[in-house]
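Chemist: For reference, the structure I am asking about is given below.
The values are calculated or read from the model by the stated rules, or taken from the named source; none is laboratory data. Just so we're clear, the structure is a prediction, and the values are computed from it rather than from any experiment. Every residue, glycine as well, gets a Cβ built from its backbone with ideal geometry; the counts of neighbours run over all protein chains shown.
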Amino acid sequence: MTSSDTTPDKAAGPSAWQRRIAGEWHGRPSLFDAEGTWAGYEDIKRSSVYRDGATTYYMDGGLEGGGPLAGRFRLGAPFAFGVADADTDRIYEGPDFHGSGQPYGSFVDARYYGPGWQVGLNTWNQVLDDGMTQVYSSVLYEGWAVVGCFNGLYTRTTEPELDAEASARVAELLAAETRCGPVPFVLPTKERGTYAGRCELWTADQKPAGTVEVAVELQPVDLLRTRHHVTWSGALEREFTVERRRDGNRSFLEGPDAWGSARAFGRANFPVWHLAGEAVEVKGREFAVDAAPGMNAGRQLAVVYELSAGNRLESVLHGTLTWQPAA
């Protein structure tokens with residue numbers, strides 16, 4: 001690959017992803033330690049500004065709480081870094097973050113390093129269909145070792161001065177994130193039904209490949225075990241069954257058609273599973289958008305799955321699934 005393959009064309013204007021995230025995003029993501037224990041909040045306003053052919057990413061806010069992680073993730077100045085904008089590789093040029101992000105429609109997978117936090121980050125941002133809500137997570141690493149995770153929901157405003165409607169919407173989201181940020185990811189434990197929805201499929205080279213109807217039928221076995229029957233139909237055809245065993249914020253997929261495990265950080269569950277008898281790995285994030293305190297499960301999941309074959313990324317599947325109780 002030559003440098004011209006990834007160098008953005010400034011004359012072409014902002015990329016599709018840059019246009020999608022224009023404005024300012026307001027959130028209060030929660031911080032979790034490596035074991036998935038809730039540690040605090042980070043009040044954040046962030047924006048990616050395209051001006052005169054150049055893009056700069058700004059992030060301002062502050063950490064509340066944090067426990068033993070507070071010293072690492074509390075800084076004395078806002079973040080700002082240049083971005084070489086493109087629809088292929090968005091290069092983060094420093095000084096505060098170095099790395100890149102790859103958009104797949106309304107989802108971006110970004111991997112980069114933050115010198116101020118002294119961690120590598122794998123950030124997944126998924127803009128929902130309303131165009132105003134973003135599902136965010138950053139898994140934080142030292143080398144290959146996970147040291148923590150930020151995640152939560154953001155809402156977007158498009159004007160520098162907030163009107164009454166925008167102010168109320170931001171205040172409502174921040175209050176909801178304060179209440180719901182620490183809520184653990186859990187699926188229905190006594191109710192049969194199906195999470196279903198239409199998802200977008202993208203190729204590894206970031207081209208749209210059609211839509212996939214996703215259905216995850218749940219059949220609870222007991223309070224800790226549930227049988228999942230998964231069907232993908234459309235641009236991607238697959239059908240498989242697994243038994244999922246939950247152990248706190250960890251879960252284990254124990255065959256017969258797939259094997260793997262997951263760890264949840266609050267509402268965000270991060271599974272990796274391997275399809276039996278194939279060189280296929282699925283790495284995902286399942287975020288319970290409407291999860292709230294109480295003895296219940298979220299009814300809406302924002303999902304992203306990255307499918308690899310032979311250890312090479314093959315496709316990216318993302319969308320929203322809604323719970324449908326069994327008749």
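Chemist: Mind checking which residues of segment 80-134 are in a loop (DSSP other than H, G, I, E, B), in contact (Cβ under 8 Å) with a residue 12 or more places away in the chain and either under 14 Å from Ser48 (Cβ atoms) or among the acidic types (Asp, Glu) (or both)?
Modeler: Asp85, Ala86, Asp87, Asp89, Asp96, Phe97, Asp129
Chemist: Suppose we filter segment 46-68 for residues that are touching a residue at least 24 places away in the same chain (Cβ under 8 Å) and not in a strand (DSSP E or B); how many remain?
Modeler: 4
Chemist: Please enumerate the residues belonging to segment 45-86 that are touching a Pro at 6+ places or on another chain (Cβ under 6 Å) and either over 14 Å from Gln18 (Cβ atoms) or not small (Gly, Ala, Ser) (or both).
Modeler: Matches in segment 45-86: Tyr50, Asp60, Asp85.
Chemist: Moving on. Looking at (1) at pLDDT 95 or above; (2) over 21 Å from the mean Cα position of the chain (by Cα); (3) polar (S, T, N, Q), can you tell me which one Gln134 breaks?
Modeler: (2)
Chemist: Looking only at segment 243-289, which residues are in a strand (DSSP E or B), among the charged types (D, E, K, R) and under 17 Å from Tyr305 (Cβ atoms)? Talk me through it step by step, then tell me what you get.
Modeler: Step one: filter segment 243-289 for residues in a strand (DSSP E or B), giving 243-247, 250-256, 258-265, 268-275, 280-288.
Now restrict to residues that are among the charged types (D, E, K, R): 243-247, 250, 254, 263, 281, 283, 285-286.
Result: Arg244, Arg263, Glu281, Lys283, Arg285, Glu286.
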